[in-house]
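Below you'll find the structure, written out as C-alpha cells, and then a few comments.
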Amino acid sequence: KYIIELETEILVHAGFNFQLTEPFLDTFSMVWIRDFERDEQLLGGKIIIHGHHPTSLEEIKKRIDTNHPIIRLDNGCVYYNMRERGNLLCYDIDNRSLWVQRNIDLN
C-alpha cells in the first residue's frame with residue numbers, strides 16, 4: 001500500500017502532489033515528493049503523517065504539539081553525526097506521543 005487512511009490521519013511515505021487532479025493515485029509523488037501544500041478540501045481535516053524529508057527533532061515536536069496538519073516524522077536516522085538529526089522515531093497516534101531512539105549502529 002502506498003497510503004494508509006485512518007479516521008483522522010493519512011499515512012504516506014513522502015507526500016502528495018495536490019496540483020494533480022487525482023493526487024491519491026500518483027504513486028511516484030507518494031514515494032518521492034519533497035515539498036507539497038495541503039489541499040484541505042481533498043483531505044477533509046485529516047492530518048498527513050509522512051517521512052522522506054529529514055526534519056529537526058525540534059520542528060517535529062513543535063508540529064506535534066501545535067496540531068500542525070502535516071507531521072514530518074523523519075529525523076534522518078542515517079545522519080547520526082548531525083545536530084538535531086540521527087534519531088529513529090516512533091509516533092503513537094492514539095496518545096500523540098513521540099518515542100525517540102538515537103542511532104546506535106554507527107556510534
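The values are calculated or read from the model by the stated rules, or taken from the named source; none is laboratory data. If you're wondering where the values come from, they're calculated on a predicted model, not measured in any experiment. Don't worry about glycine lacking a Cβ; one is built from the backbone with ideal geometry, like all the others, and counts go over all protein chains shown. What goes into the accessible areas is simple: the full protein's heavy atoms, side chains included, and nothing from ligands, DNA or RNA. Shrake-Rupley method; radii C 1.70, N 1.55, O 1.52, S 1.80 Å.
Quick notes
- In segment 1-25, of all residues being farther than 16 Å from Pro69 by Cα and in contact with an Asp or Glu (Cβ under 8 Å, 6 or more places away or on another chain), the one that is least open to solvent (accessible area, probe 1.4 Å) corresponds to Pro23.
- Filtered residue count, segment 26-39, keeping only those that are open to solvent by 80 Å² or more (accessible area, probe 1.4 Å) and either among the hydroxyl-bearing types (Ser, Thr, Tyr) or under 17 Å from Arg72 (Cα atoms) (or both): 4
- Residues of segment 49-75 that turn out to be open to solvent by less than 20 Å² (accessible area, probe 1.4 Å) and assigned to a loop (DSSP other than H, G, I, E, B), as a count: 3
- Output for segment 76-107, where each listed residue is of a type in the set (A, V, I, L, M, F, W, C) and either part of a loop (DSSP other than H, G, I, E, B) or touching a Ser or Thr at 6+ places or on another chain (Cβ under 8 Å) (or both): Cys77, Val78, Met82, Ile93, Ile104, Leu106
- Matching residues, segment 17-37, being in contact with a His (Cβ under 7 Å, 6 or more places away or on another chain), modelled with pLDDT of 95 or more and not β-branched (Val, Ile, Thr): Met30
- Out of Phe24, Phe36, one residue alone is touching a strand residue (DSSP E or B) at 6+ places or on another chain (Cβ under 9 Å) and assigned to a loop (DSSP other than H, G, I, E, B). It is Phe36.
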